[in-house]
Amino acid sequence: MNVMCRFCSAFRFQGELLNCCHNGKVRLPSLQECPLLLRRLLECDNHEARNYRDNIRNYNAAFSFASFGADVIMPPGRGPYCFRLQSHTYHFISGFHLNNNERRKYGQVYILDSAEAIQTK
């Protein structure tokens, strides 16, 4: 990325035709400060912070099998598909193993033996 927008200072590639801020018509608010707990986990050198940084990919992977949920409200009018989130967003996640007579859900559906997958299908 070697070209800087003269309006918003965003970087883009030389051949990129996208207009990042529509010539200064779109202005985004500044980013909020990182929550103190997260900043401490990312910057401190204590045992808890090192453990968090060493395992951050595992935490992220755990949420990759979660199902996203929210109160979705479709915006009025016409245009490209998008949705607006109202109130809170949340993730549904379950344990790795099933309880007796429980149906598979969320990430559990991806962890099947080949024979078991054919039966579940």
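The values are calculated or read from the model by the stated rules, or taken from the named source; none is laboratory data. Note that this is a predicted model, so its numbers are computed, not measured. As a convention, Cβ positions derive from the backbone with ideal geometry for all residues, glycine included, and neighbour counts pool all protein chains shown. Accessible surface is based on the protein model in full, side chains and every heavy atom, while ligands, DNA and RNA are left aside. Shrake-Rupley method; radii C 1.70, N 1.55, O 1.52, S 1.80 Å.
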Exercise. Tell me, Kirkwood radius of the stretch 1-52 from alpha-carbon pair distances, in Å?
Worked result: 14.1 Å
Exercise. If you keep only loop residues by DSSP, which GluC sites (Glu not before Pro) in the stretch 9-43 have at most 10 other Cβ atoms within 10 Å of their Cβ?
Worked result: Glu33
Exercise. Given the protein chains as shown and a 1.4 Å probe, how many square angstrom of Cys20 are accessible, to the nearest 10?
Worked result: 70 Å²
For this session: Evaluate E = 1/(1 + (r/R0)^6) for Arg12 and His47, where r is the Cβ-Cβ distance and R0 equals 35 Å; express this FRET efficiency to the nearest 0.05.
Result: 0.25
Seminar exercise, completed: So, over other residues within a Cβ distance under 12 Å of Arg53, counting Lys, Arg +1 and Asp, Glu -1, the net charge is -1
